[in-house]
Amino acid sequence: AKSQGTSGYQIFNPDMHARAVALLQLETDLRNAVERQEFRLYYQPIISLATGRIVGFEALIRWQHPQYGLQNPSQFIHAAEEAGLINRICQWVLYTACAQLAQWQRQFPAISPLTMSVNISGKQFSQPQLSQQVQQALQDTELSAECLHLEITEGAIMDGAGAAPDLLWQLRNLGVQLWIDDFGTGYSSLGRLYHFPIHGLKVDRSFVAQIENADNVPLVETILTLARQLELEVTAEGVETATQLTRLRALQSEYAQGYFFSPAVDGEAATALLSQNLQW
Ligand code: C2E
Ligand code: CA
Ligand code: CA
Ligand code: CA
């Protein structure tokens, strides 16, 4: 059931039996992937719009599959959660991302303070050991906490229900920055977010894409105005064109990331980006 050409696991197969078999195979392979160290971190630069320079990276996981090649998180994160593997993967991501950032900070002391953003899924967010894991990663890599940014979706915070405020404060008290990922796609009100120790918003790329059309600029402007009133910083995600960049600068978004600057690249290519000292 697994090797249908190079198309990967047939999870979207309408045949229920075939789908169940594929899912089971995926979970087994994921279990092995942890031991065989098949995960990789890719890094996408985050640019300060005031200076036009790289100020940090977002760590994005990939799975170097022995048969199917490089897999994106959409192809396995959900299955990893279902298989109860997300904690171990999260621990690996945290440690690897922090270790990479610590190395870059030593190698590029002039670019400071270089930051690393790590995604925390809803399932991870409901685990009580998360703040312990974060603390351990910071300690093992001797990284200062404020350089580590954790990205959490509005949905994860709201689903976490009762535990969410405590966990957010525990993380905040470690000194890390908390950012809302995919902002604008959830259902939460800014009024609720206001009570949480949030540092900034990552505006979802669906909004950024819309400002290609000048008529839609006021929508993103409204988000930025609200963010400013709540003293939240803003990163615009998914910037793909010069027009979007120009408009985001005019709106005074603090940061931007997207294919216009660079896709997520492996550690070596990201190091090369830092060496080039690019300016946009
Ligand atoms: P995300 O956090 O919203 O990450 C941004 C996604 O948009 C990435 O896809 C990135 O490659 C893509 N992207 C960046 N710039 C552009 C652009 O200009 N245009 C377009 N169309 N797309 C762009 P990716 O790497 O496939 O990650 C997908 C999602 O998987 C992430 O969404 C995040 O929610 C999750 N994810 C990634 N790495 C991890 C991880 O280590 N742990 C957990 N829990 N989730 C992760
Ligand atoms: Ca993210
Ligand atoms: Ca996002
Ligand atoms: Ca997303």
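The values are calculated or read from the model by the stated rules, or taken from the named source; none is laboratory data. In this text the structure is predicted, and so the values were computed from the model without any measurement. Cβ atoms come from the backbone with ideal geometry, glycine included; neighbour counts cover every protein chain shown. Remember, those area values only see protein heavy atoms, side chains included, never the ligands or the DNA or RNA. Shrake-Rupley method; radii C 1.70, N 1.55, O 1.52, S 1.80 Å.
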Please work out which residue is modelled with the highest pLDDT, limiting yourself to region 1-13 and to residues that are exposed (fewer than 13 other Cβ atoms within 10 Å of the Cβ) and either in contact with a strand residue (DSSP E or B) (Cβ under 7 Å, 6 or more places away or on another chain) or not aromatic (F, W, Y) (or both). S7
Could you tell me how many of the residues in region 34-74 are over 27 Å from T115 (Cβ atoms), open to solvent by 40 Å² or more (accessible area, probe 1.4 Å) and of a type outside the set (D, E)? 3
Those helices (runs of 4 or more DSSP H) completely within region 55-126 that have 1 or more residues that are touching a residue at least 24 places away in the same chain (Cβ under 8 Å), away from ligand 2 (no atom under 16 Å from the Cβ) and of a type in the set (D, E, K, R) are 77-82, 86-107
Assuming Q105 fulfils every condition listed in (1) crowded, with 19+ Cβ neighbours inside 10 Å; (2) within 16 Å of the chain's Cα centre (by Cα); (3) of a type outside the set (K, R) apart from one, which condition is it? (2)
Which pairs do you get when a residue that is over 18 Å from Q132 (Cβ atoms), found in region 170-182, comes within reach of a residue that is open to solvent by 50 Å² or more (accessible area, probe 1.4 Å) and more than 16 Å from ligand 3 (Cβ to nearest atom), reach meaning Cβ atoms under 9 angstrom, with the pair 6+ apart or on two chains? Q177/E146
Could you give me the residue pairs with C-beta distances under 9 Å whose first residue belongs to region 131-145 and is within 10 Å of L94 (Cβ to Cβ), whose second residue is aromatic (F, W, Y) wherever it lies, and which are 6+ apart or on separate chains? Q133/Y95; Q136/Y95; A137/Y95; D140/Y95; T141/Y95
Which of the residues belonging to region 92-102 are crowded, with 18+ Cβ neighbours inside 10 Å and in contact with a helix residue (DSSP H, G or I) (Cβ under 7 Å, 6 or more places away or on another chain)? L94, C98, Q100, L101, A102
Might you check whether a residue that is assigned to a helix (DSSP H, G or I), of a type in the set (K, R) and open to solvent by 70 Å² or more (accessible area, probe 1.4 Å) occurs anywhere in region 14-33? yes
All-but-one check, T141 against (1) under 18 Å from V234 (Cα atoms); (2) more than 18 Å from the chain's Cα centre (by Cα); (3) open to solvent by less than 30 Å² (accessible area, probe 1.4 Å), failing number (1)
With the condition kept exactly as written, say whether any residue in region 245-253 is within 30 Å of Q64 (Cβ to Cβ) and either β-branched (V, I, T) or in a helix (DSSP H, G or I) (or both). no
I'm checking my understanding of the structure. Among residues of region 204-233 that are among the hydrophobic types (A, V, I, L, M, F, W, C) and within 13 Å of Q244 (Cα to Cα), which one is farthest from the chain's Cα centre (by Cα)? A214
Residue within region 123-137 that is at pLDDT 95 or above and touching a Lys or Arg at 6+ places or on another chain (Cβ under 9 Å) present: no
Taking region 180-231 and keeping residues closer than 29 Å to W169 by Cα, more than 16 Å from ligand 2 (Cβ to nearest atom) and not in a helix (DSSP H, G or I) leaves Y187, S188, S189, Y194, H195, F196, P197, L230, E231
With respect to T225, determine if the residue is among the polar types (S, T, N, Q) and buried (at least 20 other Cβ atoms within 10 Å of the Cβ). no
